[in-house]
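Down below is the structure, laid out as structure tokens.
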Amino acid sequence: MAGGQMEEIQRKLGLLKYPRANAPAQSLLFAGMERYALLEWLFFRLLGDNSPFCQQTPHRDEETAHIHYLAEIAKFLGITNNIDTEAIQGRGSYEDHAEMLRLIVDLVEASISADNQKWSVDEQVTKDIQLIDSIAEKRAQIFSQECKLFPADVQIQSIYP
């Protein structure tokens, strides 16, 4: 499953014009400069040119500083709950790495294509529905339990405690 997911991620990276989209999947998923370069590229697609991080680029030779810098950006973007250097380095299972990367790539894809003038209304609606479905799948990770998505009069109450 993760292999197919990684192929899809690499396909999307190609569509997003990432210069190293065809790099080996292992180098994109596990600790190393290839992964860090990809995360930095993705993060700055989300942040844009006016990012508070543009002025802070660490010296690339200092790997630890670079990892910490990327972890700060991930926290700032809400991708991680804290400055999680292990998430940046790709610790954990293969599936966890692929899922994190897929979520970031989906965010970049959604932010770039949010209002594509070339798309028909139907195509835009399809993309919007895909984004909403993706958010719904990860609702517990994205929103805290205290967050109410709907006004009190339309909250769906569970029958079971």
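To keep it simple, each residue is scored yes or no on (1) in contact with a strand residue (DSSP E or B) (Cβ under 9 Å, 6 or more places away or on another chain); (2) within 27 Å of Gly4 (Cα to Cα); (3) modelled with pLDDT of 80 or more; (4) surrounded by 14 or more Cβ atoms within 10 Å (Cβ to Cβ).
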| residue | (1), (2), (3), (4) |
| --- | --- |
| Thr126 | no, yes, yes, no |
| Ile132 | no, yes, yes, no |
| Ile142 | no, yes, no, no |
| Ala152 | no, no, no, no |
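Residue-wise test of (1) basic (Lys, Arg); (2) surrounded by 15 or more Cβ atoms within 10 Å (Cβ to Cβ); (3) modelled with pLDDT of 85 or more.
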{"position": "Cys54", "(1), (2), (3)": "no, no, no"}
{"position": "Thr57", "(1), (2), (3)": "no, no, no"}
{"position": "Asp61", "(1), (2), (3)": "no, no, no"}
{"position": "His66", "(1), (2), (3)": "no, yes, no"}
{"position": "Phe76", "(1), (2), (3)": "no, yes, no"}
{"position": "Arg91", "(1), (2), (3)": "yes, no, no"}
{"position": "Asp96", "(1), (2), (3)": "no, no, no"}
{"position": "Leu107", "(1), (2), (3)": "no, yes, no"}
{"position": "Ala110", "(1), (2), (3)": "no, yes, no"}
Per-region count, segment 1-31, residues open to solvent by 20 Å² or more (accessible area, probe 1.4 Å) and either under 19 Å from Gln89 (Cα atoms) or assigned to a helix (DSSP H, G or I) (or both): 17
Where Ile83 falls short, out of the listed (1) at pLDDT 85 or above; (2) open to solvent by less than 20 Å² (accessible area, probe 1.4 Å); (3) β-branched (Val, Ile, Thr): (2)
Residue in segment 35-45 that is buried (at least 16 other Cβ atoms within 10 Å of the Cβ), of a type in the set (Asp, Glu) and either in a loop (DSSP other than H, G, I, E, B) or at pLDDT 80 or above (or both) present: yes
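The values are calculated or read from the model by the stated rules, or taken from the named source; none is laboratory data. Since the model is a prediction, treat every value here as computed from it, not as a measurement. Cβ: placed from backbone, ideal geometry, glycine included. Neighbour counts: every protein chain shown. Surface accessibility is based on the protein's heavy atoms, side chains included, excluding ligands, DNA and RNA. Shrake-Rupley method; radii C 1.70, N 1.55, O 1.52, S 1.80 Å.
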